[in-house]
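Q: My questions all concern the structure below.
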Amino acid sequence: MLFLTRTSAGGLIASGSWKQCSCALVRWYSQQRSASAGQSPLDLLDGKLARNEIQPDDHQRQVTAALQAVYDSIQSYIPPKASSGLGKWFSFGKKDPKVKAPKGLYIYGSVGGGKTMLMDMFYDCCSTDNKRRVHFNSFMTDVHSKIHEIKSKQVRDVSNTKPQPFDPIKPVAEIISQDSWLICFDEFQVTDIADAMILKRLFTYLFDSGVIVVATSNRAPDDLYKNGLQRSNFVPFIGVLKNHCQVVTLDSGVDYRTATLKGEGMHYFVKSQMDADGAMDKLFKVLCSQENDMIRPKTFTHFGRNISFAKTCGQVLDSTFEELCDRPLGASDYLQISQFFHTVLIRDIPQLNLKLKSQTRRFITLIDTLYDSRVRLVVSSEVPYKSLFSNEKPDDMHTSDEHRMLMDDLKITKDSSDASSNIFTGEEELFAFERTVSRLAEMQSAEYWSLWEKHR
């Protein structure tokens, strides 16, 4: 069976069997990552400029210089978990002192400016095995899963009637810090009250354990969880973050995702302009010819729930907006999808607005997750991607059953200050959708379609 690879011009070339091609790609990508190790962030930036892969940008160079400073500072850094067994034996019974680690970096700015690219360059340069690069949503999903697991194993003394307080955050932080002392977060954002309430304790433990954080975000630290429910409980985390990370901005005013889009890789079909269903069917058929499988339904079992899709073929998912965003799926479900499928087709995306706020929020999370995993995306929609989100608001933001239940649980009235929180107003969705549109633009391109091969 021949494996068809998409060229930079959008064509397909035969390149041997899937197994042969996969092995070659793995070897090539390993060589690229090995070549990055031993070079500094500024070296890699200069190399990209010399090869005309990127345009000169003073803002990007300034941020790279800040990343270079972090890179230099960790070359001689010995994290506490690297202590020898003998050292631990002699310190037995003593309280571990707080570790003075080098400062990390928090990079924020508008979409498409190159934040993720620069952070990934830094990450590739760092030679330690104890590093982790993760989307912030995925990280927090993993944290909550670990909290649940630790709580389920906690044995309580039933004979003791006194309160038995137990904080599962500390053991979770210990597990994370033992695995990685350098963590790079992409798209650091806080939209969930459950995340907001634990971040100060979690990151205080991580920083005290010597963990160094590098993060990208569209929001400045002071604007994180802006207008969020019970934000006063979250605000102390901002001080913790700024104490352990230098804050820099990358805002050149250019969205390189859309500015460099050449349009030769068309994977977004507007139903009013063409036979979108026919185009999707044709592309799905081509993709299926590259898979060693038949077209059939597939069911995932995730956290005890079954998630079924009507039409898959190997690692290709042909789905609808209704399947992916009308159902109550979350970041962990989308991560599961991104780990199994290399290409996802989404049919019949409507124009989104705040009347469809739950679906819009899921769609934003879905695109973030697929993009972070370099999953290839094909879309059919009622409108072009630039018009995909409308600012139209419902007459009453608190009429949905979901909102009424939440307000009842938190004892929030329509006249209280918390009633204007972004979970009700949709402000966070309005802010985040700019990133989604930018990513949809890049995900159309043939260049993006080639990235999954390197990523895998």
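The values are calculated or read from the model by the stated rules, or taken from the named source; none is laboratory data. All values derive from a computational prediction rather than experimental measurement. Note: ideal-geometry Cβ built from the backbone for every residue, glycine included; neighbour counts use all protein chains shown. These area figures cover heavy atoms from the full protein model, side chains too; ligands, DNA and RNA do not enter into them. Shrake-Rupley method; radii C 1.70, N 1.55, O 1.52, S 1.80 Å.
Q: Kindly indicate which of S180, S209, S110 is among the hydroxyl-bearing types (S, T, Y) and touching a Pro at 6+ places or on another chain (Cβ under 8 Å).
A: Numbers: S180 fails: touching a Pro at 6+ places or on another chain (Cβ under 8 Å); S110 fails: touching a Pro at 6+ places or on another chain (Cβ under 8 Å).
Every option except S209 fails the conditions.
Q: Let me ask something additional. With respect to the numbered conditions (1) crowded, with 19+ Cβ neighbours inside 10 Å; (2) out of contact with any Ser or Thr (no Cβ under 9 Å at 6 or more places or on another chain); (3) of a type in the set (V, I, T), which one is the sole condition not fulfilled by T320?
A: (1)
Q: Any idea which residue in region 285-317 is most open to solvent (accessible area, probe 1.4 Å), counting only those that are out of contact with any strand residue (DSSP E or B) (no Cβ under 7 Å at 6 or more places or on another chain) and under 30 Å from D195 (Cα atoms)?
A: F303
Q: Okay, moving on. What helices (runs of 4 or more DSSP H), lying completely within region 343-456, carry at least 3 residues that are open to solvent by less than 30 Å² (accessible area, probe 1.4 Å) and modelled with pLDDT under 85?
A: Values: elements: 357-372, 401-409, 422-425, 427-443, 446-455.
Of the helices (runs of 4 or more DSSP H) lying wholly inside region 343-456, those with at least 3 residues that are open to solvent by less than 30 Å² (accessible area, probe 1.4 Å) and modelled with pLDDT under 85 span 427-443, 446-455.
Q: If a residue must be farther than 14 Å from V344 by Cβ, not small (G, A, S) and not in a loop (DSSP other than H, G, I, E, B), how many such residues does region 289-326 contain?
A: 9
Q: Scanning for something touching a Lys or Arg at 6+ places or on another chain (Cβ under 8 Å), in a helix (DSSP H, G or I) and of a type in the set (S, T, Y), does region 63-76 turn up at least one residue?
A: First, the residues of region 63-76 that are touching a Lys or Arg at 6+ places or on another chain (Cβ under 8 Å): 63, 70, 73.
If we keep only those that are in a helix (DSSP H, G or I) as well, we get 63, 70, 73.
Now narrow it down to the ones that are of a type in the set (S, T, Y): 73.
There is at least one residue in region 63-76 that is touching a Lys or Arg at 6+ places or on another chain (Cβ under 8 Å), in a helix (DSSP H, G or I) and of a type in the set (S, T, Y).
Q: Would you tally the residues in region 183-231 being among the small types (G, A, S), more than 29 Å from Y71 (Cα to Cα) and assigned to a loop (DSSP other than H, G, I, E, B)?
A: 1
Q: Restricting attention to region 203-222, and to residues there that are of a type outside the set (V, I, T) and over 19 Å from the mean Cα position of the chain (by Cα), which single residue is surrounded by the most Cβ atoms within 10 Å (Cβ to Cβ)?
A: If we filter region 203-222 for residues that are of a type outside the set (V, I, T), which is where we start, we get 203, 205-210, 215, 217-222.
Subset that is over 19 Å from the mean Cα position of the chain (by Cα): 205-210, 222.
Values: Y205: 19, L206: 24, F207: 22, D208: 18, S209: 21, G210: 21, D222: 11.
Per the stated criteria, the residue is L206.
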